[in-house]
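To start, the structure under review is shown below, and the notes come after it.
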Amino acid sequence: SSPSGGKKKGGGGGGSKGPQSICCYICGKQCLISSFEIHEKACISHWMETEAQKPPKERRPLPMKPELGADASLEERDAAAKETYNQEGKVACPGCARSFKDEATMQKHMKGCAAASCHTGPTEPAPTRGGSAATLSPIQGRTSPTPKGSGGEPAPKGPPSLCCYICGKQCLASSFAIHEKACIRAWEDAESHKPPRERKPLPSKPELGEGASLEEQNAAAQEAYNQEGKSRCPGCSRGFKDEATLVKHMKGCAAAAGASPAPPPSAGPAQADSPKSRGSPAKKGPTSVCCYICGKQCLVSSFSIHEQACIKKWEETEAKKPQQDRKPLPTKPELGEGASLEEYNAAAQEAYNTEAKALCPKCGRGFKDEGTLAKHEKGCKGGAR
């Protein structure tokens, strides 16, 4: 079913209707609405074939098709597709973090990119995006063994850039301290303009041991940015680089219909005695509820369905573990009848943080699941926060 855009100017019978083409969320090209399904299938096939030729560690998942409501206009669908392509379809330079339409274009760019000059990216014959060559730590100056290097000694090569745990951008390791101070200042300035209840704390700086390589530091920083730095959609829980991008996304997100990116300071009257509120005429405060089991936001109208699915998934996952390793189901918050949805959300978030998250035994940080914790533990050298 093709979405229809708003009517354009034009008096007589042949008034043109909106744009006649739509952006492909995989390749970013505009194609005719009438042939979009054919283009999409070809694009998916091409993406899969291209990724299948890479080593498993370097394969990228197919960009997620935007899910919009049936009444979304073509302009909204077009904007959502462009956003998905920019975030998931493009290839980013490991040095300066600029993104390009494909790896061939990115390789051309890397030849002249100062930030990527020492990066062992997918330029010459063998090394690939994962960076199998030596890594140089900006703190210790330590190099890890490298398969590359003509002589017996490993060449001190590796990504000279470091991921910022606050904004997610790559910056030169040599100037990271300057970037970090500026980023902290920008974060605090931005949050100070919000009502106190809506302010987010500064993402936690990863604490790794002295022997951590730059790759391990990058992985930990990226993880901290994804979990704490991104702005999450209250409808579908996707993360975005900033609230402006989130607001654009929410205009076309079916799951976020009627929700606001951040609850206003005056949350309005108390809602129903459970997370499901029966819509009052004036929509104030959040229209989504936090799940105390998985931590995701979901629509109040479908919370009971989500909760049942979440309980079932939790019990199935725990049943596969040895008896002594199983965790009990997080406790559902029990609030009084006059509790507002905001109060319930705060209690649910607390239950999720304290009972559901997988905690690192070395540093005490919590992670959404044990797979994410296992990745973190590879580079964690302890040091409780």
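The values are calculated or read from the model by the stated rules, or taken from the named source; none is laboratory data. Everything numeric here is computed off the predicted structure, so don't read it as measured data. Neighbour counts run over all protein chains shown; Cβ positions are idealised from the backbone, glycine included. The area values use the complete protein model at the heavy-atom level, side chains included, leaving out ligands, DNA and RNA. Shrake-Rupley method; radii C 1.70, N 1.55, O 1.52, S 1.80 Å.
Scanning the stretch 270-305 for residues that are modelled with pLDDT of 80 or more, open to solvent by 50 Å² or more (accessible area, probe 1.4 Å) and part of a loop (DSSP other than H, G, I, E, B) yields a total of 1. Listed by position, the helices (runs of 4 or more DSSP H) enclosed by the stretch 157-257 that each have at least 2 residues that are in contact with a Leu (Cβ under 6 Å, 6 or more places away or on another chain) and aromatic (F, W, Y) are 176-192. Output the residue which, of all residues in the stretch 97-114 that are within 20 Å of D242 (Cβ to Cβ) and not hydroxyl-bearing (S, T, Y), is farthest from the chain's Cα centre (by Cα). If we take residues in the stretch 97-114 being within 20 Å of D242 (Cβ to Cβ) and not hydroxyl-bearing (S, T, Y), then R98 is farthest from the chain's Cα centre (by Cα).
Kindly indicate whether E318 is modelled with pLDDT of 85 or more and part of a helix (DSSP H, G or I). Yes, satisfied. Pick from the stretch 169-189 the residues that are out of contact with any helix residue (DSSP H, G or I) (no Cβ under 9 Å at 6 or more places or on another chain) and open to solvent by less than 30 Å² (accessible area, probe 1.4 Å): which of them is farthest from E243 (Cα to Cα)? Looking at residues that are out of contact with any helix residue (DSSP H, G or I) (no Cβ under 9 Å at 6 or more places or on another chain) and open to solvent by less than 30 Å² (accessible area, probe 1.4 Å), I get F176. In the stretch 327-385, the residue that is nearest to the chain's Cα centre (by Cα) out of those that are farther than 19 Å from Y292 by Cα and open to solvent by 70 Å² or more (accessible area, probe 1.4 Å) is K375. Filtered by the rule that a residue be open to solvent by 20 Å² or more (accessible area, probe 1.4 Å) and under 22 Å from the mean Cα position of the chain (by Cα), the stretch 18-43 gives C27, G28.
Selection over the stretch 34-67 of residues that are in contact with a strand residue (DSSP E or B) (Cβ under 6 Å, 6 or more places away or on another chain) and part of a loop (DSSP other than H, G, I, E, B) gives a count of 0. Quick check: anything in the stretch 227-250 aromatic (F, W, Y) and out of contact with any Phe, Trp or Tyr (no Cβ under 6 Å at 6 or more places or on another chain)? Looking for residues that are aromatic (F, W, Y) and out of contact with any Phe, Trp or Tyr (no Cβ under 6 Å at 6 or more places or on another chain), one finds at least one in the stretch 227-250, hence yes. Do the conditions hold for K108, that is, is it of a type in the set (K, R), part of a helix (DSSP H, G or I) and under 26 Å from S174 (Cβ atoms)? Yes, satisfied.
Of the numbered criteria (1) at pLDDT 85 or above; (2) assigned to a helix (DSSP H, G or I), the one E334 fails is (2). Quick check: is even one residue across the stretch 367-385 part of a strand (DSSP E or B), touching a Ser or Thr at 6+ places or on another chain (Cβ under 9 Å), modelled with pLDDT of 85 or more and within 19 Å of P328 (Cβ to Cβ)? No, every residue in the stretch 367-385 fails to be part of a strand (DSSP E or B), touching a Ser or Thr at 6+ places or on another chain (Cβ under 9 Å), modelled with pLDDT of 85 or more and within 19 Å of P328 (Cβ to Cβ). For the stretch 190-239, a residue qualifies if it is acidic (D, E) and either open to solvent by 20 Å² or more (accessible area, probe 1.4 Å) or at positive phi (or both), and the qualifying residues are E198, E207, E210, E215, E216, E223, E228.
Residues checked against (1) surrounded by fewer than 19 Cβ atoms within 10 Å (Cβ to Cβ); (2) assigned to a loop (DSSP other than H, G, I, E, B); (3) under 26 Å from the mean Cα position of the chain (by Cα); (4) at pLDDT 85 or above:
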| residue | (1), (2), (3), (4) |
| --- | --- |
| D71 | yes, yes, no, no |
| E75 | yes, no, yes, yes |
| G95 | no, yes, yes, no |
| A133 | no, yes, no, no |
| P147 | yes, yes, no, no |
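Residue pairs whose Cβ atoms lie under 9 Å apart, separated by 6 or more positions or on different chains, with the first residue in the stretch 341-363 and farther than 21 Å from T317 by Cα and the second assigned to a helix (DSSP H, G or I) and open to solvent by 100 Å² or more (accessible area, probe 1.4 Å), are E342/R197.
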